[in-house]
1. First select every other residue whose beta carbon is under 12 angstrom from the beta carbon of ALA142; then total the charges, Lys and Arg +1, Asp and Glu -1.
2. Starting with the highest mean, order 30-41, 144-155, 94-105, 113-124 by the number of other Cβ atoms within 10 Å, averaged over the residues of each peptide.
3. How far apart, in nm, are the 7 Å Cα→Cβ label points at TYR136 and LEU282?
4. Between ASN266 and PHE55, how high is the FRET efficiency from 1/(1 + (r/R0)^6) when r is the Cβ-Cβ distance and R₀ = 30 Å? Nearest 0.05.
5. Kirkwood Rh, Cα Rg: Rg to Rh for region 1-154?
6. I want the local charge near ASN219. Using Cβ-Cβ distances under 13 Å, sum +1 for each Lys or Arg and -1 for each Asp or Glu among the other residues.
7. Counting Lys +1, Arg +1, Asp -1, Glu -1, what net charge surrounds ASN314 among other residues with beta carbon under 12 Å of its beta carbon?
8. Using just the helices of the chain, give the 222 nm mean residue ellipticity in deg cm²/dmol: DSSP H runs with n ≥ 4 each add -39,500 (n - 2.57), and the total is spread over all residues, rounded to 500.
Amino acid sequence: MTTLKEFFWFCAGANQSLLKRCPTEASKFTGMGAAVFFTGLLAALSGGYAFYTVFDNIWWAMGFGLLWGTVIFNLDRFIVSTMRKKKNDWLKEFVIASPRILLAIVLAIVISKPLELKIFSKEIDRKLVTLEEQIYQREISAVESRYTAQLATIQGQIDQLKQEISTQATKRDQLVSLAQQEADGTGGSMKRDMGPIYRAKKADADRAQHELEALKVTNEPMIAQKQAEWDKLFDTKQAEVVDLKRNPWDGMAAQLEALRILGEENNAIYVANIFIIFLFILLECTPIFAKLISPRGPYDELLEIREHFFKNLNLEKIAEMDHATYEKLKYYSN
């Protein structure tokens, strides 16, 4: 039990020789050290999970998680151990501690994020499937959009060539119909006679037929060429779509994005997310606030005396060295 208590004193950055002379302060520094230690432990778990999502290897995750937890533990220990209690000046202490508090808040947010991802992992996995499908469809749309304009242009040219043939065929049919009506007396002069009027109309119809055949000779090879070009371009587009791979989208950034979207879609998840972050901020700031709100005790008095003693001792040695230097200069000047 004594060993565990001394370990927590070490975590709190306390001078154990001084603290043992102040038994009333022991429990305060034990609790403070425990808070620092368990914050580092949570950071190790959080970092381990985060690195596991990156490397997908448990041994690398354990190694980096342990390293990350040690870094956070050392930072928290440094923050707590460098704070000094002043006499009746709580506001000044808070101002001095404010950079440390801001650092603690940043560390809390960094620590909490991987654990949030683990807590909401089932919801995030379902959302990642949807997001992965959306990304895949966007990639397909991007491929198709590159070919849409070209395919539409070629198709327009094909339609125009076919329309020219269709227009000429319609004109031919109309002229043939007029000649037929003139021949049977149902149109034109309304006389059943194959006279000059019929022959003129028949000549117009024959000329339209020749023009249609000539147009087909010209346009149909062009239509076939354009259609082959369209088919080749379409096959190229389809090949690119087939070659697209549905890459798994499940990295750290993807999970964070999924968690953000879930928070926007589900108010309960959003509120829970806020409370988890707030909880870690409280855990990270607990040692700092505990030191700020706790009254100045015997340990702080002894620590100030010890530091003051070393400060004066240092000044005394500097004064002795300055005096010795002055005597030497005085001796050589004479």
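Read-outs: derived from the displayed coordinates by stated rules, not from any lab. If you're wondering where the values come from, they're calculated on a predicted model, not measured in any experiment. Positions of Cβ are generated from backbone atoms using ideal geometry, with glycine treated the same way; all protein chains shown enter the neighbour counts.
1. Charge balance in the 12 Å sphere: 0.
2. Ranked from most to least packed, the peptides come out as 30-41, 113-124, 94-105, 144-155.
3. 4.3
4. With R0 = 30 Å, the Cβ-Cβ based efficiency is 0.50.
5. Expressed as Rg/Rh, it is 1.28.
6. Once all neighbours under 13 Å are counted, the net charge is -2.
7. -1
8. Numbers: 10 runs with 287 residues, N = 334.
Result for the chain, helices only: -31000 deg cm²/dmol.
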